[in-house]
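S.K.: The structure follows.
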Amino acid sequence: MASKVISQTRNMWEQPPAAVRVADGEQATLDKARRERHRALVVPREHGAWGLLLVPMITGAGVAFHQASHIMPLILLSTAALALFWLRTPFESLIGTSAMKAQTADEVHTVRSFVVLLGAIAAVTLGGLLWAGKNADLWPLAIAVGVCFILQAILKKLDRRFRMLSEMIGTVGLTAAAPAAYYVITGEFNTTAWMLWLANILFAGDQIHYVQLRIHTAKVEGFRNKLAKGWVFAAGQAIMTATLTIVCVARLMPPIASIAFAPLLFRGWFYFIQEPAPLIVRRLGWNELKHATAFCVLFIATFVLAR
């Protein structure tokens, strides 16, 4: 009996009261919510935009390395581009122009720290890239990119009807990573650089339009109904095909390199005749990532093979 009393007494001391356990659970929940909010304030929420930046940079570098092997300028450019891209989210959170705004003193401190850190990284890498007049042709390209992002911000503020247009303009700015990567490696801003920019604009624009189409027509069934809702996308596919044909005929791009667009075009046209199925956004995102990977591999391989 005495041992039983001692055991119960020990358990009373070792186990916290229910109220304490509940309080600990609530605190853990609050801490988790706080970490998630801090992350949302400083980490870019447009996950697809990472691909819109990295795919052009990879294709530009992949084509350029067939002609030169200057790796250090690419490292500096990639670091600067990623830092500037990441910088936009905490900067907008700090000045209050985004949906997520830093409110408490702790949030402001976190956001400001990221702004300073990323800004310093961008400044150092850009300084190394442009030191003593090197890579001077990046200046007009940077101005063009800046104009694109300013226009994108203005269109976003005007009306939701301009959302697609603003995304397309932003895509033009992000895909400038392709000619930039090609230029810093080869030292030449030539026809190939412009072609790389155009190819990535076509690819990225089609991806954005397709994702928006799938989301807004998730419950639409039948070829005629899909075509009625997605005729703009269909027209875009036709324009992309015509543009690629002209570019290849003009020998601005090796005709074999157009194979890189084949999976994208097939996916787009197949949408209009495929059987209806529930839309799973996460799966859609992964499928587009696969298309981006296939585009990079096919475009670089066929371009190098043709040369």
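S.K.: Could you pull out the residue among L244, L252 that is more than 18 Å from I215 (Cβ to Cβ), surrounded by 12 or more Cβ atoms within 10 Å (Cβ to Cβ) and within 24 Å of the chain's Cα centre (by Cα)?
M.R.: Matching residue, one of L244, L252: L244.
S.K.: Please verify whether F189 is in a helix (DSSP H, G or I) and either at pLDDT below 90 or touching a Phe, Trp or Tyr at 6+ places or on another chain (Cβ under 9 Å) (or both), treating the condition exactly as stated.
M.R.: Against the criterion (in a helix (DSSP H, G or I) and either at pLDDT below 90 or touching a Phe, Trp or Tyr at 6+ places or on another chain (Cβ under 9 Å) (or both)), F189 does not qualify.
S.K.: From the list L118, L87, L129, which one is assigned to a helix (DSSP H, G or I), in contact with a Pro (Cβ under 9 Å, 6 or more places away or on another chain), modelled with pLDDT of 85 or more and within 15 Å of V42 (Cβ to Cβ)?
M.R.: The conditions single out L118.
S.K.: Here's another thing I want to ask about it. Tell me which of these M240 doesn't satisfy, since it passes every other one: (1) in contact with a Lys or Arg (Cβ under 8 Å, 6 or more places away or on another chain); (2) part of a helix (DSSP H, G or I).
M.R.: Unmet condition: (1).
S.K.: Mind checking which residues of segment 215-233 are touching a Leu at 6+ places or on another chain (Cβ under 7 Å) and buried (at least 18 other Cβ atoms within 10 Å of the Cβ)?
M.R.: Scanning segment 215-233 gives G230, F233.
S.K.: Could I ask something else about it? Is there a residue in segment 248-262 that is free of Cβ contacts under 8 Å to residues at least 60 places away in the same chain and in contact with an Asp or Glu (Cβ under 7 Å, 6 or more places away or on another chain)?
M.R.: No: segment 248-262 contains no residue that is free of Cβ contacts under 8 Å to residues at least 60 places away in the same chain and in contact with an Asp or Glu (Cβ under 7 Å, 6 or more places away or on another chain).
S.K.: Return yes when V211 is of a type outside the set (D, E), in contact (Cβ under 8 Å) with a residue 12 or more places away in the chain and outside the structural domain of V304 (by TED's automatic domain parsing) and no when it is not.
M.R.: no
S.K.: Suppose we filter segment 40-84 for residues that are in a loop (DSSP other than H, G, I, E, B), under 24 Å from E188 (Cβ atoms) and out of contact with any Gly (no Cβ under 9 Å at 6 or more places or on another chain); how many remain?
M.R.: 4
S.K.: Still on this model: Could you figure out which of (1) within 30 Å of S78 (Cα to Cα); (2) assigned to a helix (DSSP H, G or I); (3) hydrophobic (A, V, I, L, M, F, W, C) isn't true of M253?
M.R.: The failed condition is (2).
S.K.: Of A228, A178, A242, which residue is touching a helix residue (DSSP H, G or I) at 6+ places or on another chain (Cβ under 9 Å) and at pLDDT 85 or above?
M.R.: Answer to the selection: A178.
S.K.: So, one more: Looking only at segment 132-148, which residues are outside any loop (DSSP other than H, G, I, E, B) and closer than 27 Å to I169 by Cα?
M.R.: L138, W139, P140, L141, A142, I143, A144, V145, G146, V147, C148 - these are the residues of segment 132-148 that are outside any loop (DSSP other than H, G, I, E, B) and closer than 27 Å to I169 by Cα.
S.K.: Still on this model: Just wondering, is there one or more residues in segment 160-179 that are of a type in the set (K, R), surrounded by fewer than 21 Cβ atoms within 10 Å (Cβ to Cβ) and not in a helix (DSSP H, G or I)?
M.R.: no
S.K.: Kindly establish whether I185 is buried (at least 18 other Cβ atoms within 10 Å of the Cβ) and over 19 Å from F295 (Cα atoms).
M.R.: yes
The values are calculated or read from the model by the stated rules, or taken from the named source; none is laboratory data. Here the structure is a predicted model, which means the values were calculated and not measured. Don't worry about glycine lacking a Cβ; one is built from the backbone with ideal geometry, like all the others, and counts go over all protein chains shown.
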